[in-house]
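Novice: Structure below; questions to follow.
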């Protein structure tokens, strides 16, 4: 009986994914945690737990988001769920709005095309990525995510220098303990550092035989349902195969065309200008009472 059920399920799966107009829709919850252990001004008193909790609540809209991946056999569009996107309220959120959102990510795994339509300080960019096949290490470990059996895969990934979730405050007391790991750390400022590489863990299901996944992730023999990368976890909460209302999956075209490395340089330069401006303002403020 079990063999018959497996055969029927396999047959239905093959027929479903062989359809010319096949399309799927996956909803992902993304959650990022922030290490607030050493929060506070360098050399000053440590931040109280109540204050940390208050800041964490304000940052929640930036750290917890819902995304939709619309995909067919070779292409996908990944974007934040517009219905659940938090409005820009509060100083921090307004600042992030100026910086730009997560944008719309397009991938074509057949033609090796990866584009992101995004906005930074009011300017629209169309960022292109070099789409190299990821060097996943496939494992035999499995787990169940909803109705799908998933297999584990790992990848050593270069950290995106604009991914602030991986930044951490340097702890001078532990300098000697972390010397052996210094080769994998980039000094961002005097107080902040970031690892050069991180291990990414993916859980994918061959039951949905498309080589795709959330964000920039792809290259496995099945849809990726979960990603654990640094302090961020992205988990699929719902999958609809061949929804009644299908969305056109096409490459974005709006924005200034720019390569990823050039876009990163542009953003880092602008942020350095802002940081310098902030330092100058703070310096003038501290000098007001001196004569």
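The values are calculated or read from the model by the stated rules, or taken from the named source; none is laboratory data. Predicted model, so just to flag it, every value in this text is computed and none were measured. Every residue, glycine among them, receives a Cβ derived from its backbone with ideal geometry; neighbour counts consider all protein chains shown.
Novice: Tell me whether the stretch 87-100 contains one or more residues that are under 22 Å from residue 261 (Cβ atoms) and at pLDDT below 95. Outline the logic, then answer.
Specialist: Taking the stretch 87-100 first, the residues under 22 Å from residue 261 (Cβ atoms) are 99-100.
With at pLDDT below 95 added as a condition, the list becomes 99-100.
For the stretch 87-100, residues under 22 Å from residue 261 (Cβ atoms) and at pLDDT below 95: present.
Novice: Any residue in the stretch 26-55 that is within 15 Å of residue 233 (Cβ to Cβ) sitting within a Cβ distance under 7 Å of a residue that is assigned to a loop (DSSP other than H, G, I, E, B) and at pLDDT below 60? List the pairs, counting only those 6 or more apart or interchain.
Specialist: none
Novice: While we're looking at this one, here's another question. Taking the condition within 23 Å of residue 105 (Cα to Cα), surrounded by 10 or more Cβ atoms within 10 Å (Cβ to Cβ) and either over 20 Å from the mean Cα position of the chain (by Cα) or at pLDDT 95 or above (or both), does residue 268 pass?
Specialist: Judged against the criteria, residue 268 is not a match.
Novice: So, in the stretch 241-262, exactly how many residues are within 28 Å of residue 154 (Cα to Cα), surrounded by fewer than 13 Cβ atoms within 10 Å (Cβ to Cβ) and touching a residue at least 24 places away in the same chain (Cβ under 8 Å)?
Specialist: Within the stretch 241-262, residues that are within 28 Å of residue 154 (Cα to Cα), surrounded by fewer than 13 Cβ atoms within 10 Å (Cβ to Cβ) and touching a residue at least 24 places away in the same chain (Cβ under 8 Å) number 1.
Novice: Another one. If you take the residues in the stretch 141-164 that are within 16 Å of the chain's Cα centre (by Cα) and crowded, with 18+ Cβ neighbours inside 10 Å, which one is modelled with the highest pLDDT?
Specialist: 155
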